[in-house]
Amino acid sequence: VLCAKLPHLAEWTKKRIQNATLYHKNLRDIPEIILPLQPPNTKHTWHLFVIRVRSHRDDLAAYLSKAGIETAIHYPLALPNLPAYAYLGYKTSDFPVATRLQDEILSLPMYPELTEEMIVHVAATIKSFLASKS
């Protein structure tokens, strides 16, 4: 399967980069949203497009779902908050930044077949939700 996909990898990566650029263009002026950064002189493949939502993240995810827009929370618990590390005796308050971020992140749709219209629709739906909260 991977051998069949490999010839398409460069084009898929190009499309993901274009999609990330469109997300940035359409979401950049929303103070409630923190967009992922790309350091200068680097190339990001945008496997995921993860935004940070300052408040109402779960409500936004539900709103998007109701509008037919699938989102995900790929990492619902920060690494030090996972049950596997409970034996170390840490509290979530020992990792305030990681704990805050785990409650803010939301992955938006990101795949090569996304169209500009789809991304504009996602952005408009996010803006609509946030406007209802202000």
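The values are calculated or read from the model by the stated rules, or taken from the named source; none is laboratory data. Note that this is a predicted model, so its numbers are computed, not measured. Counting neighbours? That spans all protein chains shown, and the Cβs are built from the backbone with ideal geometry, glycine included. Surface areas here come from the heavy atoms of the whole protein model, side chains and all, with no ligands, DNA or RNA. Shrake-Rupley method; radii C 1.70, N 1.55, O 1.52, S 1.80 Å.
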Per the filter on segment 42-60, residues part of a loop (DSSP other than H, G, I, E, B) and either of a type in the set (A, V, I, L, M, F, W, C) or in contact with a strand residue (DSSP E or B) (Cβ under 9 Å, 6 or more places away or on another chain) (or both) are Trp46, Leu48, Arg54
How many residues of segment 58-75 are open to solvent by 30 Å² or more (accessible area, probe 1.4 Å) and over 30 Å from His8 (Cβ atoms)? The answer is 5
Out of (1) hydroxyl-bearing (Ser, Thr, Tyr); (2) touching a helix residue (DSSP H, G or I) at 6+ places or on another chain (Cβ under 7 Å); (3) part of a loop (DSSP other than H, G, I, E, B); (4) in contact (Cβ under 8 Å) with a residue 24 or more places away in the chain, the one Tyr63 does not meet is (3)
Taking the conditions exactly as written (within 24 Å of Gln18 (Cα to Cα), surrounded by 15 or more Cβ atoms within 10 Å (Cβ to Cβ) and in contact (Cβ under 8 Å) with a residue 12 or more places away in the chain), does Ala78 satisfy them or not?
no
Under 30 Å from Leu130 (Cβ atoms), open to solvent by less than 70 Å² (accessible area, probe 1.4 Å), without any contact (Cβ under 8 Å) to a residue 24 or more places away in the chain and in a helix (DSSP H, G or I) - does that describe any residue in segment 14-36? yes
Being more than 21 Å from Lys133 (Cβ to Cβ), open to solvent by 90 Å² or more (accessible area, probe 1.4 Å), without any contact (Cβ under 8 Å) to a residue 60 or more places away in the chain and not in a strand (DSSP E or B) narrows Glu117, Glu113 down to just Glu117
- Message: I'd like to check something: does segment 88-102 contain any residue that is outside any helix (DSSP H, G or I), small (Gly, Ala, Ser), farther than 27 Å from Thr125 by Cβ and modelled with pLDDT of 95 or more?
- Response: yes
Of (1) among the aliphatic types (A, V, I, L, M); (2) at pLDDT below 95; (3) under 26 Å from Glu11 (Cα atoms), Ala78 fails just (3)
Per the filter on segment 37-52, residues within 13 Å of Ser107 (Cβ to Cβ) and in contact with a helix residue (DSSP H, G or I) (Cβ under 8 Å, 6 or more places away or on another chain) are Trp46, His47, Phe49, Ile51, Arg52
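I'd like to check something: does segment 86-107 contain any residue that is closer than 26 Å to Lys5 by Cα and surrounded by 11 or more Cβ atoms within 10 Å (Cβ to Cβ)?
yes
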